[in-house]
Amino acid sequence: MTRIMFAFILAMASAALSSVSAQELQLAAGAPERHVVLPGDTLWAISGKFLKEPWRWPEIWRMNREEIRNPHRIFPGDVIVLERDARGDPRLRLQRARLVPQVYSEAIEESIPAIPPNVIRPFLSDPLIVEANALDSAARIIATQQDRVFIGNGDLAYVVNADPDKVAWQIYRSGKPLNDPETNEVLGYEAYYLGTARQLEPGNPATFQVISMKEEIGRGDRLLPAIRPPLVAYVPHKPDFSVDGRVISVYGGVDAAGRGSIVSINRGAADGIEIGHVLALQRNRTAVAREENDRKETVQIPVLRVGLLFVFRTFQRISYGLIVQSEGTVEVNDFARTP
């Protein structure tokens, strides 16, 4: 073996060791030896107590992909214990709360969620993003009771193209298109949620009654069957593939967001994005020119991380995410990448 080849192998081995070392789990400063789960806790908040990088939660639990999708539920009163294995690597173990017999009855406590459910619940039930191809065949109001311009609670509407087997519906009005900043393709539409309706008499047109109203409802408004995606048990984890998407919308019609805001990105289920994925929000900063010894030199400014995004609902081409951490404002066109 030549010296050059030996040096090459040694360099490769050193690089591999450095890579492995860089991937080691790092505990958060002051990580507790045990944590008693309290009502109001979330998996993300608990992850941050133990790890510098909370999205690596499955690694410290030694979870496989199936366990990430269907994790063991954690309840208030349970104790999470930090241990180390024979190699000294950290791992977590769950101690179930001891059940004490009670004379009286009480409601069964729900397992703790991944992120605050009160923040994302409206985005699970309302069709705030409508896929582009869903607009072509969506049911539509063609007439209203006594030809009123707008109708409200209890009023009747006459609807075409409604599935006769569906009773509960949601009413929306098409909003602005969501364009892919890379291709300018329309990925979907932000829908203005108007209310709910019940199908009374199937037909074409079918007779509907407005059950609840958030905004005025009129001719031309669209209807979709009511769906309520469950708040599934999922854990924060990074994608096991490279993601390079963009923020395309900030909910509320503004251009900048911060911690606790909801944004949509131009990657969805068709791109492999799944509930529980954590993505780094980054901003590519422009190169600048500087003069040095009467010469101009181009200097590339490092990419700036502006936050972390937790995906909680996916569509085919678009996903909703909650900003769980921000080091500044998150803006439309910022990048959403694998952390």
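Please treat every number below as a calculation from the coordinates, not as lab data. If you're wondering where the values come from, they're calculated on a predicted model, not measured in any experiment. With ideal geometry, Cβ positions are generated from the backbone for all residues, glycine too; neighbour counts draw on all protein chains shown.
Compute the FRET efficiency between Asp255 and Lys52 as 1/(1 + (r/R0)^6), taking r as their Cβ-Cβ distance and R0 = 30 Å, and round to the nearest 0.05.
So the FRET efficiency works out to roughly 0.45.
So how do 25-31, 301-307 stack up, highest first, on mean other-Cβ count within 10 Å?
So the order, starting with the most tightly packed, is 301-307, 25-31.
One-quarter of the Cα convex hull surface for the stretch 128-225, in nm²?
Orientation-averaged projected area of the Cα hull: 6.0 nm².
Which value in nm describes the separation of the simple spin-label points at Gln26 and Glu215, placed 7 Å from the Cα toward the beta carbon?
4.5
Grab the other residues whose beta carbon is less than 10 angstrom from that of Ile151, score K and R as +1, D and E as -1, and report the net.
Result for the local shell: -1.
Working from the alpha-carbon coordinates of the stretch 244-337, get Rg over Rh, Rh being the Kirkwood radius.
Reported Rg/Rh (Cα atoms, Kirkwood Rh): 1.13.
List Leu281, Leu200, Leu187 from most exposed to least, where exposure is judged by having the fewest other Cβ atoms within 10 Å.
Taking fewest neighbouring Cβ atoms as first place, the list is Leu200, Leu187, Leu281.
Tell me which of Ala336, Ala269, Leu308 sits at the most positive position along the dipole axis of the stretch 244-337, charges placed on C-beta atoms (Lys, Arg +1; Asp, Glu -1).
Ala269
Rounded to the nearest 20 Debye, what is the dipole magnitude of the stretch 244-337 about its Cα centre when Lys and Arg each give +1 and Asp and Glu each give -1 at the C-beta?
Using only the charged Cβ atoms, the result is roughly 200 debye.
Explain nothing, just the number: relative contact order of the stretch 244-337, from Cα pairs under 8 Å at least 6 residues apart, as a whole percent.
Rounded, it is 41 percent for the stretch 244-337.
So between His72 and Asn133, what do we pick up on full extension, going 0.36 nm a residue minus the alpha carbon distance?
Length gained, His72 through Asn133: 18.3 nm.
Of His72, His237, His277, how do they rank once you tally other Cβ atoms within 10 Å and put the fewest first?
Arranged by neighbour count, lowest to highest, His72, His237, His277 become His72, His237, His277.
Cα centroid distance between the stretch 295-339 and the stretch 31-48, in Å?
With the stretch 295-339 and the stretch 31-48 each reduced to a Cα centre, they are spaced 26 Å.
What is the sum of charges, Lys and Arg at +1 and Asp and Glu at -1, for the other residues whose Cβ falls under 13 Å from the Cβ of Val119?
Net charge around Val119: +3.
What does the net charge come to around Gly245 if you take all other residues with beta carbon closer than 13 Å to its beta carbon, with K and R at +1 and D and E at -1?
-1
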